[in-house]
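Undergrad: Dumping the structure here so I can ask a few things about it.
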Amino acid sequence: MNLPAGIQINAAITADYARILTPEALALVAKLHRAFEPRRHELLKARVARQARIDAGEMPDFLPETKHIRDGDWKIAPLPKALERRRTEITGPVEAKMIINAYNSGADSYMSDFEDSNSPKWDNLIQGQVNLYQAIRRELSFTNAAGKEYKLNDKIATLQVRPRGWHLDEKHVLVDGQRVSGGIFDFALFLFHNARELIARGAGPFFYLPKMESHLEARLWNDIFIMAQDAIGLPQGTIKATVLIETILATFELEEILYELRQHSAGLNAGRWDYIFSCIKKFKRNREFCLANRGAITMEVPFMRSYALSLVKACHKRGAPAIGGMSALIPIKNDPAANDKALAGIRHDKTRDANDGFDGGWVAHPGLVPIAAEEFQKVLGDRPNQWQKQRDENFGPKDWLNFQPEQPITEAGVRNNINVGIHYLGSWLAGNGCVPIHNLMEDAATAEISRSQVWQWVVSPKGKLDDGRKVTADMVRAFIPEELAKVKATVTAQGEETATYDQAAKIFEEMSLADNYPEFLTLPLYEAME
């Protein structure tokens, strides 16, 4: 295969993959890399510098230099009709069966995910591009081992695609000897092959942008959109993107993020699980900060509630959609009582979001789409959204940094974090990034919470169990083999291989007990992956 000058691919290129990894598509990857990779690295260095200031005691606040944006009279550009109604959005990895089920789910929108719910093995990534290429053209089908065939319905959800975050490289692709950004790689390949086809079919190209920490990171995406549209001959503003607000620092720049992307913005989403992870990560050295068991950190606790309502306020002030986050609850087939409880939890979640002013919300399973749709229908009626609903609260640092509750922390909570962390890591290393564990849908964000809480409970003087015992490294080391045995028993009972779980337990121990907190779980994992 003839690659453009300066491009090197250190991975297999099958005949199917060659349809995606064309010289023209790779040339776009290289063009964007050469133009923007220095800025990406500057922004990642800025994250490190800001973290050092927070570790030293600095607390975030509104940016004085962007006050004119917050005070200004502006709106995002008008949205295409396909993005006006997003009451229910379903998410999932870029695997063929998942894509078909999500498209057919009855949801208004489907976020196909190259990020947190996708293990970034080369085959997963490039086959995912192949799958989406075929699905957009209605050529995708899938037959499982039992002979059941999956095909796309006539009526399908509107596609949105989430590329990887700024911190992730694509190690198999080098431009001028340097790794490319995973996000630029995912975005450029998808856009090059599918933008015109999506436009012809009336819906796209639309994206979701993850894990940004500042409006300058949003500006980088916006500049990439401008160059990419010029490069392939699209009118400016054709691309639309929703930003996931899933870092505590981004909450201080909600309006600025919308402003930077205003020509390309499709609103904001309250990415709750990564948000909780971000709060732990950013304030991990603060001796006054220590969160309770993960299960106690709901959307009703003060710092999560104020964050969600602030997002609605910012979006509707600027004429943008506000999309609610995802409850991790999923249907439970073999336990009617537990299933009823899970479905009631989903209903409660979507009822709250609809009444708060969100224009839609996420679900993780097709079986939950009708419940979410019903709760938004009750509030919105025939309206596609509720952009006209303006909130008047004035939330700020004192609300967003009010990290409660601190208790309870229990032995069961510590063990659950260890169990979930090992189980998820083992599945991720085996190539599966979206895993049902203990009747919850876990992805990289919830695994990050699990290992981060264990790290913090060990380090913080407030990391004490409800029976008075201090959470210690020795306690965690004693629990790990016991929880590993439970995970292996569960996986074996499901008929799956356990080969990756010993390594997962070792990685979990290293990362949850390291002296220097590792920034992202997925970074060392990716290096260990083929």
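Readers should treat all values here as calculations from the given coordinates under stated rules, not as data from a laboratory. It should be emphasised that the depicted structure is a prediction, and the values quoted were computed from it without experimental measurement. Counting neighbours? That spans all protein chains shown, and the Cβs are built from the backbone with ideal geometry, glycine included.
Undergrad: Which part of segment 417-447 falls in the paramagnetic zone of K97, meaning amide N under 14 Å from the point 7 Å along Cα-to-beta-carbon?
TA: It comes to 432-436, nothing else.
Undergrad: How much length is gained if the chain between M1 and K151 is pulled fully straight, taking 0.36 nm per residue apart and subtracting their Cα-Cα distance, in nm to one decimal?
TA: 50.8 nm
Undergrad: Put +1 on the Cβ of each Lys and Arg and -1 on the Cβ of each Asp and Glu in segment 7-398; which of P302, I199, G396 then has its Cα farthest toward the positive end of the dipole?
TA: Final value for the positive-end residue is P302.
Undergrad: What FRET efficiency comes out for the pair H41/Q377, r = Cβ-Cβ distance, R0 = 41 Å, nearest 0.05?
TA: 0.30
Undergrad: For a protection proxy built on the mean count of beta-carbon atoms within 10 angstrom, sort 58-65, 304-311, 502-509, 252-259 highest first, please. Provide the component values of the computation, followed by the final result.
TA: On the way: 58-65: 11.5, 304-311: 22.2, 502-509: 20.2, 252-259: 23.9.
Result, highest mean Cβ count within 10 Å first: 252-259, 304-311, 502-509, 58-65.
Undergrad: To the nearest 20 Debye, how big is the dipole of the chain about its Cα centre, given +1 on the beta carbon of each Lys and Arg and -1 on that of each Asp and Glu? Don't jump to the answer; show the numbers that get you there.
TA: Working: 64 positive and 69 negative charges, 156 e Å.
About 740 debye.
Undergrad: Now, a different point. Full extension from D474 to E411: what is 0.36 nm times the residue separation minus their Cα-Cα distance, to one decimal in nm?
TA: Working: separation 63, 0.36 × 63 = 22.68 nm, distance 1.35 nm.
Extending this stretch completely gives an extra 21.3 nm.
Undergrad: Shifting gears a bit: Can you sort M111, M441 from fewest to most other Cβ atoms within 10 Å of each residue's own Cβ?
TA: Taking fewest neighbouring Cβ atoms as first place, the list is M441, M111.
Undergrad: Ranked highest first by average number of other Cβ atoms within 10 Å, how do 372-385, 451-464 line up?
TA: Most protected by this proxy first, the peptides run 451-464, 372-385.
Undergrad: What nm distance separates the two modelled labels at D392 and L216, each placed 7 Å from Cα along Cα→Cβ?
TA: 3.7
Undergrad: For D73 and K464, what is the calculated FRET efficiency with R₀ set at 51 Å and r taken between the beta-carbons, to the nearest 0.05? Walk me through the intermediate numbers first.
TA: Details: r = 50 Å, r/R0 = 0.99.
Efficiency for this residue pair is about 0.50.
Undergrad: Something else now. Scan the chain and note any complete DSSP helix (H) whose C-alpha atoms cover at least 20 Å along its axis and whose Kyte-Doolittle average is -1.0 or more.
TA: What comes out of the filter, once short or polar helices are dropped, is 23-55, 122-136, 182-200, 215-232, 302-317, 411-429, 444-459, 473-493.
Undergrad: Label 7 Å along Cα→Cβ of D16; segment 131-157 residues with amide nitrogen under 17 Å?
TA: 131-152
Undergrad: What is the chain's relative contact order, in percent, from Cα pairs under 8 angstrom and six or more apart in sequence?
TA: 16
Undergrad: Same structure, new question: Taking +1 at the Cβ of each Lys and Arg and -1 at the Cβ of each Asp and Glu, which of P518, S452, L44 sits farthest along the dipole of the chain towards its positive end, judged by Cα position relative to the Cα centre?
TA: L44
Undergrad: Follow-up. Which lysines have a Cα less than 25 Å from the Cα of K462, not counting those fewer than 8 places away in the same chain?
TA: Straight-distance partners of K462: K281, K282, K284, K398, K470.
Undergrad: A follow-up question, please. Using the beta-carbon distance between Q178 and A499 and R0 = 25 Å, what value does 1/(1 + (r/R0)^6) give for FRET efficiency, to the nearest 0.05?
TA: It comes to 0.15.
Undergrad: Hey, what did segment 407-528 get for relative contact order, percent, Cα under 8 Å, at least 6 apart?
TA: Values: 133 pairs, mean separation 41.6, N = 122.
Rounded, it is 34 percent for segment 407-528.
Undergrad: While we're looking at this one, here's another question. Only bridges with both residues in the chain count here: give the DSSP antiparallel percent, nearest 5.
TA: 35
Undergrad: Under the 0.36 nm per residue contour assumption, what length would be gained going from the current alpha-carbon distance of F62 and I199 to full extension?
TA: 45.5 nm
Undergrad: Would you mind putting 78-85, 391-398 in packing order, based on average other-beta-carbon counts within 10 Å, highest first?
TA: Listed from highest to lowest mean packing, they are 78-85, 391-398.
Undergrad: Kindly write out, for segment 244-259 in residue order, the coupling ³J(HN,Hα) from the Karplus curve 6.51 cos²θ - 1.76 cosθ + 1.60 (θ = phi - 60°), rounded to whole Hz, with x marking Gly and Pro.
TA: Running phi through 6.51 cos²θ - 1.76 cosθ + 1.60 with θ = phi - 60° gives 7, 8, 10, 9, 4, 5, 5, 4, 6, 9, 4, 5, 5, 5, 4, 5 Hz.
Undergrad: Considering only C-alpha atoms, what is the centroid distance from segment 392-416 to segment 171-249, in Å?
TA: The distance from the Cα centre of segment 392-416 to that of segment 171-249 comes to 33 Å.
Undergrad: Further, regarding this structure: Excluding R85 itself, calculate the net charge of residues whose Cβ lies under 10 Å from the Cβ of R85, where each Lys or Arg counts +1 and each Asp or Glu counts -1.
TA: Result for the neighbourhood of R85: +1.
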